[in-house]
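Report on the following structure.
The values are calculated or read from the model by the stated rules, or taken from the named source; none is laboratory data. Quick caveat: nothing in here was measured; it's all calculated off a predicted structure. Here the Cβ is made from the backbone with ideal geometry for all residues, glycine too, and neighbour counts use every protein chain on show. Just so you know, the surface numbers come from the protein's heavy atoms only, side chains and all, with ligands and any DNA or RNA stripped out. Shrake-Rupley method; radii C 1.70, N 1.55, O 1.52, S 1.80 Å.
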Amino acid sequence: MAEVPGPFALGAANLGNLYAPMSDEQAHAVLEAAWDSGIRHFDTAPHYGLGLSERRLGAFLAGKPRAEFVVSTKAGRLLVPDPGGANRLDEANHFAVPAGHRRVWDFSADGVRRSLDDSLTRLGLDSVDILYLHDPEEHDLGPALASGLPALAALRDEGVVQAIGVGSKSVAALAAAARTGVVDLLMVAGRFTLLDQSALDDVLPECHARSIGVAVASVFNSGLLATPEPAGRYEYATAPPDVVDTAREIAGICAEFGVDLPTAALHFPLRDPAVRAVVAGAATPDEVRQNAARLTAAVPADLWTTLRDKGLIRT
């Protein structure tokens, strides 16, 4: 199985123009800041900007020694040319890129192999280290796992990838994947955070029982926890008032312990022994450097005790 360099992986959705355009120069600067900060684990997907994230990441890594970094990408959505969409943006999926391709669900063995081949072409790599099925619950969970996981396992057995898993925000999908006993890793998106610990019910117990590693993505829940004073999106939409109130209460307690909210958000999941890394994106080099520095900060154990005693976290 691929070693997961931790504790910080750079999520590359922003490199695909998530929410707002980013120039190639800006994308390179974000990646350079990550590399200079010691980050060697990069997570991307065809979904992110209709391949733009993979192309930008590959262009940057072309100048780096292959043995020094780990790349994960995902399968399940094939990118098919759609000339009729070239004059509009992919706003329905939150990416500011021309919609000259469309996503087609395909979790078949042939589809998974084709997805990986296409990703390798965009990345300019001969291999990726980790391959996840991406959001199988958004298509048809049972059949997607039934065909997609054996396809991933075959790639692992052939040595084409080192580790396989499922990346999802659905605890049902993640728990079902864990129970198969096939996966090495799960990417748990937004379900083991300061605001949402639903992965504690079924997902993490299965991971502990089966020695499955976990990468926790969306630790800021799409942005609400990314700044010392809670602001921004929650789960890719406007944050509900009650969620904002909870985030502010957590932020206030963190401040009493001399810890800012994003630092607590980054550290929180790493307390679980199954968690190998947190995955966080960045739109600017400063955001990368700030988050890397936050992960070196000391967080008092009493902070977690206080949050738990007040019923704000479960563990």
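A few points about this structure:
- In the stretch 251-267 there is at least one residue matching the filter, namely being in contact with a strand residue (DSSP E or B) (Cβ under 7 Å, 6 or more places away or on another chain) and touching a residue at least 12 places away in the same chain (Cβ under 8 Å).
- Qualifying positions in the stretch 233-251 - under 26 Å from ARG289 (Cα atoms), assigned to a strand (DSSP E or B) and either over 18 Å from the mean Cα position of the chain (by Cα) or of a type in the set (Lys, Arg) (or both): ARG233
- Members of the stretch 1-41 that are of a type in the set (D, E, K, R) and either modelled with pLDDT of 95 or more or over 24 Å from GLN162 (Cβ atoms) (or both): ASP24, GLU25, GLU32, ASP36, ARG40
- Check on LEU155, within 20 Å of the chain's Cα centre (by Cα), of a type outside the set (Val, Ile, Thr) and not in a strand (DSSP E or B): no
- Just one of (1) open to solvent by 10 Å² or more (accessible area, probe 1.4 Å); (2) touching an Asp or Glu at 6+ places or on another chain (Cβ under 8 Å) fails for PRO273. It is (2).
- Matching residues in the stretch 99-125 - criterion: being under 21 Å from ASP184 (Cα atoms) and outside any helix (DSSP H, G or I): PHE107, SER108
- Set LEU52, LEU61, LEU78, LEU57: member being aliphatic (A, V, I, L, M) and either open to solvent by 20 Å² or more (accessible area, probe 1.4 Å) or at pLDDT below 95 (or both): LEU52
Results for (1) open to solvent by 20 Å² or more (accessible area, probe 1.4 Å); (2) farther than 17 Å from PRO273 by Cβ; (3) not in a loop (DSSP other than H, G, I, E, B), shown as yes or no for each residue.
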{"residue": "VAL183", "(1), (2), (3)": "no, yes, no"}
{"residue": "ALA199", "(1), (2), (3)": "no, no, yes"}
{"residue": "LEU225", "(1), (2), (3)": "no, yes, no"}
{"residue": "ALA231", "(1), (2), (3)": "yes, yes, no"}
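- Which numbered condition VAL216 fails, given (1) assigned to a strand (DSSP E or B); (2) of a type outside the set (Gly, Ala, Ser); (3) farther than 15 Å from HIS267 by Cβ; (4) touching a Phe, Trp or Tyr at 6+ places or on another chain (Cβ under 8 Å): (3)
- Per-region count, the stretch 97-150, residues open to solvent by 10 Å² or more (accessible area, probe 1.4 Å) and of a type in the set (Ser, Thr, Tyr): 4
- THR296 meets each of the listed conditions (1) over 26 Å from SER168 (Cα atoms); (2) among the hydroxyl-bearing types (Ser, Thr, Tyr); (3) in a helix (DSSP H, G or I) apart from (3).
- Looking only at residues in the stretch 81-96 that are of a type outside the set (Gly, Ala, Ser) and outside any strand (DSSP E or B), the one that is surrounded by the most Cβ atoms within 10 Å (Cβ to Cβ) is ASP90.
- Among residues of the stretch 284-294 being out of contact with any Phe, Trp or Tyr (no Cβ under 8 Å at 6 or more places or on another chain) and of a type outside the set (D, E, K, R), the one that is most open to solvent (accessible area, probe 1.4 Å) is GLN290.
- Residues that are open to solvent by 50 Å² or more (accessible area, probe 1.4 Å) and either farther than 23 Å from ASP272 by Cα or in contact with an Asp or Glu (Cβ under 7 Å, 6 or more places away or on another chain) (or both) within the stretch 210-223 are absent altogether.
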